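Structure first, commentary second.
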Amino acid sequence: EFHEDVVVDKPLTLRGKGSSTVLRPVVGPALQLDAQRCVVERMVVEMLAPEDPHAPGGAAVLQGSPILRHCRLTDLKVLGGSTPLVLDCTVRLLAVEGAAGGVYYRNVLQSPAPLHVPAVRAASSGHPCFMGNSVTGEGAPAAVEVTGPTTTCRWRFNTFADTAVAFGVAEGARPECEANHFRGARVAAIHCQTGGGGTFTRNCISEAEVGVHTQSRADPTFVHNLLFDCSGPARTRTACAVRVDAAGAGRFLRNALWDNAHAAAIVATDGAPRLRDNSVLL
């Protein structure tokens, strides 16, 4: 176990021995990657106070295209124009900001219940790509929060479970989501608000209280998605596959809305969705 604030500013490889190699900060972050090329693998990097999401951080990527693999990180901040490859890691709090991009592949991204913050916050114009990850957010308002008028990102082949809201889009963000599985959201699988949009294609949304909820000038596009068994744990009359209210909108084209206990869609008088060629089976 090491109590250090480590700055990597040249190409090198840091290789630990798994759970026995623990790096904790003195002031924080414990590990800063500030080189064009470096590799970090088989290490545990922790925040100063893991139970406090605002405590000095664990790991930060400032520039370049480092590789992090087989690590356990209490938090990871990706900043500037950096483009890391994060592979086969467990990350409790991941933030991608500024113009940062990168590829995040086959990770476990989870926000433990006591923290009440998203497992992933994407607020970047660098078009990061998230593929094959398992995402949970037990106590967070949203497991994933995509926000900001210039924010773009891509999500493919990820699974979302044990969440209140699995995927939140706000403030004009435009994610691209394809072939993900959203299961068991207690509030909504996908929640778009305050001008949020994006494109959602060929996703599977199941066992949620509400499959898709749009409001507050949100205008996403949903094409060829499957929304089924959106009944909620209590099978209440508010459960539905699609809900549009509070000046929400959205385009829904050729989706399948099947076996939803109460309603396929609930549209308030101030909602303005465009629905065409959808298949509905109650």
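The values are calculated or read from the model by the stated rules, or taken from the named source; none is laboratory data. The model shown is predicted, which means the values in this text are computed figures rather than measured ones. Note: ideal-geometry Cβ built from the backbone for every residue, glycine included; neighbour counts use all protein chains shown. Calculation scope for accessible area: heavy atoms of the full protein, side chains included, ligands and nucleic acids excluded. Shrake-Rupley method; radii C 1.70, N 1.55, O 1.52, S 1.80 Å.
Of note:
- Strands (runs of 3 or more DSSP E) enclosed by the stretch 40-113 - at least 3 residues per element that are open to solvent by less than 40 Å² (accessible area, probe 1.4 Å) and within 23 Å of Phe157 (Cα to Cα): 72-78, 90-98
- Of the candidates Ala122, Ala166, Ala142, the single residue that is crowded, with 24+ Cβ neighbours inside 10 Å, at pLDDT below 95 and not charged (D, E, K, R) is Ala142.
- Failed item in (1) over 18 Å from Tyr105 (Cβ atoms); (2) touching a residue at least 12 places away in the same chain (Cβ under 8 Å), with Ala49 passing the rest: (2)
- Tabulated pairs, the stretch 95-115, first in contact (Cβ under 8 Å) with a residue 60 or more places away in the chain, second assigned to a strand (DSSP E or B) and small (Gly, Ala, Ser), C-beta under 7 angstrom, 6+ apart or interchain: Pro114/Gly139; Leu115/Gly139
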